[in-house]
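I have placed the structure first, in the form of structure tokens, so that the comments after it can refer back to it.
The values are calculated or read from the model by the stated rules, or taken from the named source; none is laboratory data. None of the values given here were measured: they were computed from a predicted structure. Every residue, glycine as well, gets a Cβ built from its backbone with ideal geometry; the counts of neighbours run over all protein chains shown.
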């Protein structure tokens, strides 16, 4: 009985057959996916009307819209997103290239991008370059083939080739770099000079007079480190004190640990009571070395960092630091792209986020 009804429906009207299958949840392996023509037939409207409803391109009467949406639901119709993007010039995709998604701060940036993107019905395509310039260039080409509307690059390397290449694609983009000063390129960052001033003032208020700054002096004129150094020097000089800077070759925990013996000599020769490290990783590496050499932090020496990476709040002692709001960096980066896609004006290439000092356990008041 059931099969005869199906074949009768085919003879009477193909659209009735399609509707019968949908209403009775009948699935056959030889059935093809519903097309826009099927939707138009079932809704008894033109193909152009279905297209207008799907793309929200032109007004459609409420009754026609209702029939189209009902047909789409009944048929389980899925628009061809690639074809649709070619027509509408919108893919609702943002390409994201990161250095390494395994880095905790990178994961926070991506979360900010993804959550804000989702609010505005945008998805992201994510690629990890692992610090390889050629991989970044290759991924940029791949993302453009996927019709992304904008691109965010999160990198730890310095390369003009990347910024020059992405500009050629003529899509909105933001370049986030934790270390290098990205000149004349859309980016989101902190006022690193002001952040340094705030940190040094905090140590001075705690009664510290001899403050050592641990820096990475490599290519300093091309990095954001120059702003941190400037803020440190300015604040120490204004207090009538002498700046003392030691350069470490790198930003990793082991870089500070391996330089520990030289840093201890500087501490002893200059009566250092507080150390300000340009990155949290260096602060943690130094605290490890001090611990292994029976120097207690903060009882004997205060140590502070910069960045507020994930481990900073769980390490012992918990690290006083400047917070780099990685989630906000990602969120603001994609908001900037979405504003540009909407045709809204962008005032500045560089967006600077507010500076926040995080006071924890690793720096204490000087004892009389």
Exercise. Find the strands (runs of 3 or more DSSP E) located wholly in the range 100-181 whose residues include 3 or more that are on the phi > 0 side of the Ramachandran plot and outside the structural domain of residue 280 (by TED's automatic domain parsing), and list them.
Key: none
Exercise. Mind listing whichever residues of the range 147-162 are surrounded by fewer than 19 Cβ atoms within 10 Å (Cβ to Cβ) and over 22 Å from residue 107 (Cβ atoms)?
Key: 147, 158, 159, 160, 161
Practice problem: Check residue 343 against each of (1) surrounded by fewer than 19 Cβ atoms within 10 Å (Cβ to Cβ); (2) in contact (Cβ under 8 Å) with a residue 60 or more places away in the chain; (3) over 12 Å from residue 305 (Cα atoms) and name the one condition it does not meet. | Solution: (2)
Exercise. Could you check, for the range 286-296, whether at least one of its residues is under 16 Å from residue 361 (Cα atoms) and in contact with a helix residue (DSSP H, G or I) (Cβ under 6 Å, 6 or more places away or on another chain)?
Key: yes
Practice problem: Could you tell me which residue of the range 228-258 is surrounded by the fewest Cβ atoms within 10 Å (Cβ to Cβ), considering only residues that are under 25 Å from residue 104 (Cα atoms) and touching a residue at least 40 places away in the same chain (Cβ under 8 Å)? | Solution: 251
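Every residue, every condition in (1) within 39 Å of the chain's Cα centre (by Cα); (2) surrounded by 13 or more Cβ atoms within 10 Å (Cβ to Cβ); (3) modelled with pLDDT under 80; (4) under 30 Å from residue 90 (Cβ atoms), yes or no:
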position	(1), (2), (3), (4)
9	no, yes, yes, no
36	yes, yes, no, yes
45	no, yes, no, yes
54	yes, yes, yes, yes
58	yes, no, yes, yes
63	no, no, no, yes
73	yes, no, no, yes
Quiz item: Do you know which residues across the range 182-202 are in contact with a helix residue (DSSP H, G or I) (Cβ under 9 Å, 6 or more places away or on another chain) and in a helix (DSSP H, G or I)?
Solution: 192, 193, 194, 195, 196, 197, 198, 199, 200, 201
Quiz item: Taking the range 101-113 only, how many residues are at pLDDT 95 or above and surrounded by 19 or more Cβ atoms within 10 Å (Cβ to Cβ)?
Solution: 4
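Yes/no matrix, rows are residues, columns are (1) at pLDDT 95 or above; (2) under 26 Å from the mean Cα position of the chain (by Cα):
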site	(1), (2)
193	yes, yes
201	yes, no
206	yes, no
211	yes, no
215	yes, yes
223	no, yes
228	yes, yes
251	no, yes
273	yes, no
Self-check item: Unmet criterion (only one of (1) touching a strand residue (DSSP E or B) at 6+ places or on another chain (Cβ under 6 Å); (2) crowded, with 19+ Cβ neighbours inside 10 Å; (3) touching a residue at least 60 places away in the same chain (Cβ under 8 Å); (4) outside the structural domain of residue 119 (by TED's automatic domain parsing)) for residue 305
Solution: (3)
Quiz item: Taking the range 311-327 as the region of interest, how many residues are in a helix (DSSP H, G or I) and surrounded by fewer than 17 Cβ atoms within 10 Å (Cβ to Cβ)?
Solution: 2
Practice problem: Name the one entry in 331, 363 that is within 22 Å of residue 108 (Cα to Cα) and outside the structural domain of residue 263 (by TED's automatic domain parsing). | Solution: 331
Practice problem: Please go through the range 341-368 and pick out each residue that is over 30 Å from residue 210 (Cα atoms) and out of contact with any strand residue (DSSP E or B) (no Cβ under 9 Å at 6 or more places or on another chain). | Solution: 342, 343, 344, 345, 346, 347, 348
Exercise. Within the range 209-227, work out how many residues are part of a loop (DSSP other than H, G, I, E, B), farther than 19 Å from residue 155 by Cβ and touching a helix residue (DSSP H, G or I) at 6+ places or on another chain (Cβ under 9 Å).
Key: 2
